[in-house]
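The values are calculated or read from the model by the stated rules, or taken from the named source; none is laboratory data. Just so it is clear, the model here is predicted, and its values are computed rather than measured. FYI the Cβ positions are ideal-geometry reconstructions off the backbone, even for glycines, and counts take in every protein chain you see.
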Number of protein chains: 2
Amino acid sequence: MVELPEKTSAFFEWYLEALEVANLTDKRYPIKGMNVWTPYGFLARRELDRVLIEEIEASGSQPVEFPTLIPQTEFQKEKEHIKGFDHEVYWVTHGGATKLDIPLVLRPTSETAMYPMFALWVRSHQDLPLNVYQIVNTFRYETKTTRPFLRVREIHFFEEHTCQLDEEAASRRVEANLASFAAMARRLALPYLPIRRPEWDKFPGAFYSVALDTPLGGSRTLQLGSIHHYRENFSGPYGIRYETPDGGQRLVHQTTFGLSERLLGAIIAIHGDRRGVVFPSSVAPYQVVVIPIPGKGGVDPAPWASELLSRLRARHLRVHLDNGEERPGAKYYRWESRGVPLRLEVGGREASARSATAVDRLGQKNTVGPEAIEEKVLSLLSTYDDALRTRADSAFRDSFRIARSLQELAGSDRVRLVSWCGSEACGHQVEAGIDGALLGTIVGEPPTPLPAPGPCIACGQAASTAWAAAAHPL
Amino acid sequence: MVELPEKTSAFFEWYLEALEVANLTDKRYPIKGMNVWTPYGFLARRELDRVLIEEIEASGSQPVEFPTLIPQTEFQKEKEHIKGFDHEVYWVTHGGATKLDIPLVLRPTSETAMYPMFALWVRSHQDLPLNVYQIVNTFRYETKTTRPFLRVREIHFFEEHTCQLDEEAASRRVEANLASFAAMARRLALPYLPIRRPEWDKFPGAFYSVALDTPLGGSRTLQLGSIHHYRENFSGPYGIRYETPDGGQRLVHQTTFGLSERLLGAIIAIHGDRRGVVFPSSVAPYQVVVIPIPGKGGVDPAPWASELLSRLRARHLRVHLDNGEERPGAKYYRWESRGVPLRLEVGGREASARSATAVDRLGQKNTVGPEAIEEKVLSLLSTYDDALRTRADSAFRDSFRIARSLQELAGSDRVRLVSWCGSEACGHQVEAGIDGALLGTIVGEPPTPLPAPGPCIACGQAASTAWAAAAHPL
């Protein structure tokens, strides 16, 4: 059994090897940062998408799909937004041998594709709220180092765009998105911190941005997604207006909610260990793998293994039967490195007893059967998910340290929590102190029981914005 | 109630209006031929995809996703193939302000994206067969008239690509794809004809192509999809080789199977009527709509309507409760034009009796409840689907006429069935006779009981290729 590199000290080496042994992606495609979703990786992504779809639709959003290409003329309508993307979009200039009259952009995100249509769709206050989302690929001509799922040039992207009656309704949609993400993250066993970004780091065109950040070990953090309140910043340029009950015309207030394949990268990064990937059962391509172990003589385990497969599948579990020629140890290793939550070993003795030896990906061993075997498997998966969540939450809480002065920022081996007055000057001093970023103000409960915030660690003024976090974003 | 234009005589007017009243797409997006999938259209597409996914995975294919962009260098490796697409691909030439070293093509189909990777994936005969598929968007700089779902520039595309041991194994995969499509088409209630295309009309790079054609009224046909046997035409240029058990190296034989959103266009075109869209329950965004009809006094139908909604949803039916303010007639019209298979009317009388009046989209009326209401609804949907299939099959059989001479080809108000010797010269004579195309030789059973084929209608030689069809492809 091969051990992967040590995860904390050599994170990226560990990460890339974990992907490799699990065969989740193939990065040998001849364009840098555009990778192939292998069957196993695609299945994980499909389950991830299912979680996002169920939660966002439960919050009253409807699926749509807008075109991949955006005419330059529409793309350039919102100035701030464009400044943010100008240097990282791909341009389509020719169709066949013909030069296009208007160049087209491969969407980096879909504000400028959707909002001209929203201007046609929204007529009256009765059309509001308009909550739609799409799961599509977006494209960014990324110049930083690319890494599968974490930073790529073709991104599997989830984006909700909404139109609301007014600023308050839009703020409520931001809250609803936060609640949806909490439900998604729970199912993915991902701890995270909602953080309101400082002014100088918000999304281009946003009134404010809430990022969903998670520590990745040391002082590194990963932005899993973001939620933005746009006020009228886009509805103005795109003319998205509605008729009020008294016959007036008003611009809508807008919000967006963005997630991506980074969630898969985060699941791998947070749960994985030196034996490889560890999937929560929500996204595991196979939740259970059944491994028959033929003995010398005795009962043939094959028929019982097949029966188990059918019975568990009938309960809508994703189950794989590995009846290949290899020795059991090689199979155990493969399915561990690929992150399967539960392995059922079926030897001659188990076949006679109509039972199985269940070993979960965290090493817990149990006998299941002969009675109520499906219920027992479901219950073991649920126990496993709880244990995985507990382990991740504990590592999460251990990722933070309070810094009470600029001096205490140094040697930042954890994400720093600081009191901050909210001014840009002080924010930049914090950033200089860790040679990283002030992520912003924590929205809602901070991750660990904290004392009341003290004065700003830079200027000593009252820190009205409560706790802020500083770290090295990936 | 507005009637749509007459379907046969004014097909495209009818088609575009049917899409409009059902709100399945928005074609006002500012790029010709790139349309917006509205929520209702997207939901129909999602169900369509589900049918394709279930059937292709049941046939032993695994999902993957390859990048959208293909480097020019890879794209140009197979000469015949490129000739077919050269004039209809979109070119990405710039990333930000930087001119790319190697221009990129937006995939028109994914042979040239996948096959360099297949050359890495396939090493030994044990890696075969390799059967993978993806559902992605493809792009063609279409110069003909575009029409939603039928001919567009951004296409929602299903493509299976396989590698096989030899020519015979590849032929067996073609047969397996034909069987999968038969199962898909049955669920979509789509009659069709598998037709082996003549040499001069096969897919660029194919050894042979089987098209899946369906009549659309008059002498028009629509190609729903196609299955290709590539032999070694691609594996040669891309070097997809395997080691044989005796240590030699052989090129794989390849096949592909392509379908698209055209299936949705075909469902609308074939089943729709003058009141609008008619969906089979397999793809209907809502299979059942519940409409409470408040009366003057009497029992309030709302609680019973809600209970019906929950109970039917618990049986995994897609159900919508329309409890808006409009009068019932307006609701009936809306959901009829949107193709909902079954409407449940719930007035005060029904609420008292815990029953409902069920009216299906073909006009069949029944009372359901108070007993076994879920089973009865499921059974009515099944009866409705059968009736829809019977109606479509009957129209299909009526779409063909035998032509026994070149003279009989004239005035082609139906798809012509002819005896053909198989030569290109005679094929072109048939095409000239109808000013259309010789679609090719019918694979398997022809659509109507036919006599033994006579001599070729052009040259009088024996027609060894049995029946061929000639029509005006859309």
Report task. Return the total of residues in segment A:430-466 being outside any loop (DSSP other than H, G, I, E, B) and more than 30 Å from the chain's Cα centre (by Cα). Result -> 2
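Is it true that some residue in segment B:135-144 is β-branched (Val, Ile, Thr) and more than 25 Å from B:Leu224 (Cβ to Cβ)? Talk me through it step by step, then tell me what you get.
In the first step, residues of segment B:135-144 are kept if they are β-branched (Val, Ile, Thr); the result is B:135-136, B:138, B:143.
With more than 25 Å from B:Leu224 (Cβ to Cβ) added as a condition, the list becomes none.
Looking through segment B:135-144, none of the residues is β-branched (Val, Ile, Thr) and more than 25 Å from B:Leu224 (Cβ to Cβ).
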Query raised in the report: When only residues in segment A:145-159 that are out of contact with any helix residue (DSSP H, G or I) (no Cβ under 8 Å at 6 or more places or on another chain) and within 13 Å of chain B (Cβ to nearest Cβ) count, which is surrounded by the fewest Cβ atoms within 10 Å (Cβ to Cβ)?
Result: A:Thr146
Report summary line: Here the qualifying pairs (Cβ atoms under 8 Å; residues six or more apart or on different chains; first in segment A:195-206 and under 17 Å from A:Cys426 (Cβ atoms); second acidic (Asp, Glu)) come out as A:Ile195/A:Asp213; A:Pro198/A:Glu424; A:Glu199/A:Glu424; A:Trp200/A:Glu424
Report task. Among what's in segment A:125-144 and is part of a strand (DSSP E or B) and more than 9 Å from chain B (Cβ to nearest Cβ), pick the residue that is surrounded by the most Cβ atoms within 10 Å (Cβ to Cβ). Result -> A:Tyr133
Report task. Could you please tell me which pairs satisfy a Cβ distance under 6 Å, a separation of 6+ or placement on different chains, a first residue in segment B:110-123 that is more than 8 Å from chain A (Cβ to nearest Cβ), and a second residue that is small (Gly, Ala, Ser)? Result -> B:Ala119/B:Gly239
Requested in this report: Report whether or not B:His87 is touching a Phe, Trp or Tyr at 6+ places or on another chain (Cβ under 6 Å) and facing chain A (nearest Cβ under 7 Å).
Outcome: no
**Report entry** Yes/no for B:Ser59 being more than 7 Å from every other protein chain (Cβ to nearest Cβ), within 20 Å of the chain's Cα centre (by Cα) and polar (S, T, N, Q)
**Finding:** yes
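For the condition within 30 Å of A:Ser310 (Cβ to Cβ), out of contact with any Asp or Glu (no Cβ under 8 Å at 6 or more places or on another chain) and touching a residue at least 40 places away in the same chain (Cβ under 8 Å), what is the one hit in A:Leu474, A:Leu417, A:Leu378?
Details: A:Leu474 fails: within 30 Å of A:Ser310 (Cβ to Cβ); A:Leu417 fails: within 30 Å of A:Ser310 (Cβ to Cβ).
After ruling out the rest, the residue left standing is A:Leu378.
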Report task. Answer with yes or no whether A:Glu74 is at pLDDT below 95, over 19 Å from A:Ile227 (Cα atoms) and within 7 Å of chain B (Cβ to nearest Cβ). Result -> yes
**Report entry** The one condition in (1) more than 10 Å from chain A (Cβ to nearest Cβ); (2) crowded, with 16+ Cβ neighbours inside 10 Å; (3) not β-branched (Val, Ile, Thr) that B:Phe12 fails to fulfil
**Finding:** (2)
Report task. Could you check, for segment A:30-45, whether at least one of its residues is surrounded by 16 or more Cβ atoms within 10 Å (Cβ to Cβ) and more than 20 Å from the chain's Cα centre (by Cα)? Result -> yes
Requested in this report: Just give me the residues in segment B:191-238 being in a strand (DSSP E or B) and over 18 Å from the mean Cα position of the chain (by Cα), in sequence order.
Outcome: B:Tyr208, B:His229, B:Tyr230, B:Arg231
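To keep it simple, each residue is scored yes or no on (1) over 26 Å from the mean Cα position of the chain (by Cα); (2) farther than 21 Å from A:Thr383 by Cβ; (3) among the polar types (S, T, N, Q).
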{"residue": "A:Ile267", "(1), (2), (3)": "no, no, no"}
{"residue": "A:His271", "(1), (2), (3)": "no, no, no"}
{"residue": "A:Pro285", "(1), (2), (3)": "no, no, no"}
{"residue": "A:Val290", "(1), (2), (3)": "yes, no, no"}
{"residue": "A:Leu308", "(1), (2), (3)": "yes, no, no"}
{"residue": "A:Leu317", "(1), (2), (3)": "no, no, no"}
{"residue": "A:Asn323", "(1), (2), (3)": "yes, yes, yes"}
{"residue": "A:Gly329", "(1), (2), (3)": "yes, yes, no"}
